[in-house]
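Notes for the one structure printed next.
The values are calculated or read from the model by the stated rules, or taken from the named source; none is laboratory data. Please read all numbers here as calculations on a predicted model, not as lab measurements. A quick note on method: Cβ atoms are made from the backbone with ideal geometry, for glycine too, and the neighbour counts reach across all protein chains shown. Accessible surface is based on the protein model in full, side chains and every heavy atom, while ligands, DNA and RNA are left aside. Shrake-Rupley method; radii C 1.70, N 1.55, O 1.52, S 1.80 Å.
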Amino acid sequence: PAPLSDHGPARVVALCNQKGGVGKTTTTINLGAAIAEYGRRVLLVDFDPQGALSVGLGRLDPRELDLTVYNLLMQRDVTVEDVLLKTDVDGLDLIPSNIDLSAAEVQLVGEVAREQMLARSLRPVLDDYDVVLIDCQPSLGLLTVNALTAAHGVIVPLECEFFALRGVALLMDTIQKVQERLNDRLVIDGFLGTMYDPRTLHAREVLATIIDGFGDKVYSTVINRTIRFPDATVAGEPITRFDSSSAGANAYRELAKEVLARWPLSDHDA
Ligand code: ADP
Ligand code: MG
């Protein structure tokens, strides 16, 4: 990808699948780090009360954080600058999360424009970044609707395993409703096969089914299942750093190229 002469406004992308364990958080952290390696300014938003993204970026005990995305959403006097954290990776910043966010789902219900709270909160910093990646929680509730309302695009990680497509119709339905009612610029950027084991017929069949269903919306980069990934949360940094020349790190660099190449140049400021 060509270097940028200037930064922003950011393209906002939600990583979304209401199934847990499909690689949303792993993809957010490593895709984000790989895009940052290409000289883009990247903001990662941990939007899961589990805080796995925050842990994966070195916030080993997110419960100790004073201010998180929860405060940003719910307190009008808290600004995005108050909650932003630098990471050890150049060009990669984080808005962290912790268990406090689990209360937001209920508390947001009483807010005016409750679906737009995240979009509003992020708006002041969009010009400072080229890319914002939102790591969604495994549900289709109000937090995920907030992420979809704030986004230009959605990336859907799919585990190349039994039942990969179970629940995807419901996800597509939710995306379409958000598009119709709240955010008409929203598009599906792509589907990403994860945890792929090229040695098993089963995984190859599942990947073929995914491609059958979604055609060229499926990234040609596929993330193999490798034992190097579970260490990421222990390492507290992206695999592009703790094992920079590994196959996993290179797969996310390939994905980053593909993701950047697919983005329309014109809809950033839509
Ligand atoms: P999600 O955010 O969708 O719940 P995660 O990214 O947290 O999924 O991944 C679930 C678990 O699988 C984590 O322990 C993670 O380290 C591991 N994992 C993710 N991607 C891979 C992979 N390509 N190969 C092996 N393990 C992986
Ligand atoms: Mg996760």
### Summary
Checked against (1) under 17 Å from Val178 (Cβ atoms); (2) within 16 Å of ligand 2 (Cβ to nearest atom); (3) open to solvent by 10 Å² or more (accessible area, probe 1.4 Å); (4) at pLDDT 95 or above, Thr144 satisfies every condition except (3)
### Task
Could you run through the range 1-18 and say how many residues are in contact with a helix residue (DSSP H, G or I) (Cβ under 9 Å, 6 or more places away or on another chain), over 19 Å from Leu84 (Cα atoms) and either at pLDDT below 95 or within 9 Å of ligand 1 (Cβ to nearest atom) (or both)?
3
### Task
Out of the residues in the range 59-71 that are closer than 27 Å to Thr240 by Cβ and either at pLDDT 95 or above or within 16 Å of ligand 2 (Cβ to nearest atom) (or both), state the one that is most open to solvent (accessible area, probe 1.4 Å).
Arg59
### Summary
Note on the range 88-103: residues closer than 14 Å to Val45 by Cβ and in contact with a Pro (Cβ under 9 Å, 6 or more places away or on another chain) are Leu92, Pro96, Ser97, Asn98, Leu101
### Query
Taking only pairs six or more apart or across chains, which ones have beta-carbon atoms under 8 Å, a first residue in the range 107-120 that is closer than 19 Å to Thr79 by Cβ, and a second residue that is aromatic (Phe, Trp, Tyr)?
Leu118/Phe47
## Note on the structure
Taking the range 39-57 and the residues there that are in a loop (DSSP other than H, G, I, E, B) and near ligand 2 (Cβ under 10 Å from one of its atoms), the one that is nearest to Leu122 (Cα to Cα) would be Asp48
### Task
Go through the residues of the range 1-23 one by one and say whether even a single one is in contact with a Leu (Cβ under 9 Å, 6 or more places away or on another chain) and part of a helix (DSSP H, G or I).
no
### Message
Which count do you get for residues in the range 248-262 that are open to solvent by less than 20 Å² (accessible area, probe 1.4 Å) and not small (Gly, Ala, Ser)?
### Response
3
### Query
Would you call Val206 in contact with a strand residue (DSSP E or B) (Cβ under 7 Å, 6 or more places away or on another chain), farther than 30 Å from Pro62 by Cα and crowded, with 18+ Cβ neighbours inside 10 Å?
no
### Message
What pairs come out if I take residues in the range 213-233 that are modelled with pLDDT under 90 and pair them with residues that are open to solvent by 70 Å² or more (accessible area, probe 1.4 Å) and hydrophobic (A, V, I, L, M, F, W, C) whose C-beta lies under 9 Å away, six or more apart or interchain?
### Response
Arg228/Ala247
### Message
Of the conditions (1) of a type in the set (Gly, Ala, Ser); (2) more than 16 Å from ligand 1 (Cβ to nearest atom); (3) open to solvent by 10 Å² or more (accessible area, probe 1.4 Å), Ala104 satisfies every one except a single condition; which number is it?
### Response
(3)
### Message
With surrounded by fewer than 19 Cβ atoms within 10 Å (Cβ to Cβ) and modelled with pLDDT of 95 or more as the only criterion, which of Asp189, Asp127 stands out?
### Response
Asp127
### Query
When you look at Arg166, is it in contact (Cβ under 8 Å) with a residue 12 or more places away in the chain, open to solvent by 60 Å² or more (accessible area, probe 1.4 Å) and touching an Asp or Glu at 6+ places or on another chain (Cβ under 8 Å), yes or no?
no
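Let's see how each residue does on (1) open to solvent by 40 Å² or more (accessible area, probe 1.4 Å); (2) within 16 Å of ligand 1 (Cβ to nearest atom):
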{"residue": "Lys86", "(1), (2)": "yes, no"}
{"residue": "Leu92", "(1), (2)": "no, no"}
{"residue": "Asn98", "(1), (2)": "no, yes"}
{"residue": "Gly110", "(1), (2)": "yes, no"}
{"residue": "Gln116", "(1), (2)": "yes, no"}
{"residue": "Gln137", "(1), (2)": "no, yes"}
